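A quick write-up on the structure given underneath.
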Amino acid sequence: EIVVCMIESGNLDHVDLDPNRWSNPGEAPPLDNNGIDDDGNGYIDDYHGWNPVANNDNYGTGGHGTNCLGMIGAKGDNGTLVAGANWDVKLMVVGDYSISTQANAIEAYTYPLTMRQIWNNTGGAQGAFVVATSSSWGIDGANPASYPIWCSFYDTLGTYGILNVGATTNQNLNVDVSGDMPTACSSPYMIGVGRTDHNDNHAGGYGQTTIDFGAPGINVVTTANTNTTTTTTGTSFSCPLTAG
């Protein structure tokens, strides 16, 4: 199973998302919620994903994240609502907290890294084949030199086979000059994405060395809470489309 991990709260209890929900077979019912790390990965009862603050798998149901999940992997060819970039991907969620420090960022990305390391080390018998992370958040105008540990962690993720996609600022700024976190990180495993419309017109942050390309993120249709869809705009949605 190809897995994309969204670093943000989101609701997978959606008719077009639930078929692609990732779950950890090592913690599957009746092992779920028994207070034991049944698969020995260092996380207790992480059946549905992970919340780094609460130390459980209640990762929240944020509406913004639900929009992002649909861009990654709303089920396709099912006669229902919309289709994501990857119709058969498995959606892992790590969320329900705020990325405000380097430590918080590292803690969030450590879960998909751990699961991919286990997958690599067991030849796919355990863990998860996480190939990408999607992060539709950041710090506008931040200097990546002030966040060296955070930026270098993308190199670590890449070493184990995980690409990382970030939504750059929605402001019309040269990120090479103004900075942005995490899309201004120099790691080749951080893919900075701006937004485009249906005519390939670009908007939002740009930068010859920091922003790799634009992707559809203007007036896109995607999943919303309560089993509906919405039309929305932002680099927030270009990012998960790219990850998918």
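The values are calculated or read from the model by the stated rules, or taken from the named source; none is laboratory data. Note that the structure is a prediction, hence the values are computed from the model and not measured. Don't worry about glycine lacking a Cβ; one is built from the backbone with ideal geometry, like all the others, and counts go over all protein chains shown. Note: accessible area is taken over every heavy atom of the protein model, side chains too, but ligands, DNA and RNA are not part of it. Shrake-Rupley method; radii C 1.70, N 1.55, O 1.52, S 1.80 Å.
Of all residues in the range 18-35, those that are on the phi < 0 side of the Ramachandran plot and at pLDDT 90 or above have Cβ atoms under 6 Å from Cβ atoms of residues that are open to solvent by less than 70 Å² (accessible area, probe 1.4 Å) and small (Gly, Ala, Ser), 6 or more apart or on another chain, in ASN20/GLY73. Suppose we keep only residues that are within 16 Å of CYS68 (Cβ to Cβ) and of a type in the set (A, V, I, L, M) within the range 182-202. Which one would you say is most open to solvent (accessible area, probe 1.4 Å)? If we take residues in the range 182-202 being within 16 Å of CYS68 (Cβ to Cβ) and of a type in the set (A, V, I, L, M), then ILE191 is most open to solvent (accessible area, probe 1.4 Å). Cβ separations smaller than 6 Å between residues 6+ apart or across chains give the following pairs from the range 108-134 residues that are over 17 Å from GLY42 (Cβ atoms) and open to solvent by 40 Å² or more (accessible area, probe 1.4 Å) to residues that are in a helix (DSSP H, G or I) and not acidic (Asp, Glu): PHE129/TRP119.
A single entry from THR235, THR222, THR229 fulfils the requirement of being open to solvent by 10 Å² or more (accessible area, probe 1.4 Å) and either of a type in the set (Lys, Arg) or under 18 Å from GLY62 (Cα atoms) (or both): THR229. Find all pairs meeting these conditions: Cβ atoms under 7 angstrom apart; at least six residues apart or on different chains; first residue within the range 61-79 and free of Cβ contacts under 8 Å to residues at least 12 places away in the same chain; second residue β-branched (Val, Ile, Thr). So the pair list comes out empty. The residue pairs whose first member lies in the range 82-99 and is more than 13 Å from GLY49 (Cα to Cα), whose second member is open to solvent by 30 Å² or more (accessible area, probe 1.4 Å) and not in a loop (DSSP other than H, G, I, E, B), and whose beta carbons are closer than 6 Å, counting only pairs six or more residues apart or on different chains, are VAL82/VAL221; VAL82/THR229; ALA85/LEU241; VAL89/ILE2. Residues in the range 67-98 that are modelled with pLDDT of 95 or more and of a type in the set (D, E, K, R): 2 in all. Can you find a residue in the range 19-39 that is closer than 21 Å to VAL4 by Cβ and part of a strand (DSSP E or B)? There is at least one residue in the range 19-39 that is closer than 21 Å to VAL4 by Cβ and part of a strand (DSSP E or B). The listed residues are GLY84, GLY76, GLY63, GLY10, and the only one of them that is more than 24 Å from GLY123 (Cβ to Cβ), in contact with a Ser or Thr (Cβ under 6 Å, 6 or more places away or on another chain) and not polar (S, T, N, Q) turns out to be GLY10.
Could you tell me which residue of the range 13-39 is surrounded by the most Cβ atoms within 10 Å (Cβ to Cβ), considering only residues that are in contact with a helix residue (DSSP H, G or I) (Cβ under 7 Å, 6 or more places away or on another chain) and within 19 Å of GLN126 (Cβ to Cβ)?
ASP39
Within the option set GLY179, GLY141, GLY161, being open to solvent by less than 30 Å² (accessible area, probe 1.4 Å) and over 25 Å from ASP18 (Cβ atoms) holds for one residue only, GLY179. Scanning the range 87-107 for residues that are among the small types (Gly, Ala, Ser) and either under 20 Å from ASP37 (Cβ atoms) or surrounded by 19 or more Cβ atoms within 10 Å (Cβ to Cβ) (or both) yields GLY95, ALA105.
From VAL193, VAL177, grab the single residue that is at negative phi, touching a strand residue (DSSP E or B) at 6+ places or on another chain (Cβ under 8 Å) and not in a loop (DSSP other than H, G, I, E, B).
VAL193
Residue count for the range 164-176, restricted to those that are open to solvent by less than 30 Å² (accessible area, probe 1.4 Å) and of a type outside the set (S, T, N, Q): 4.
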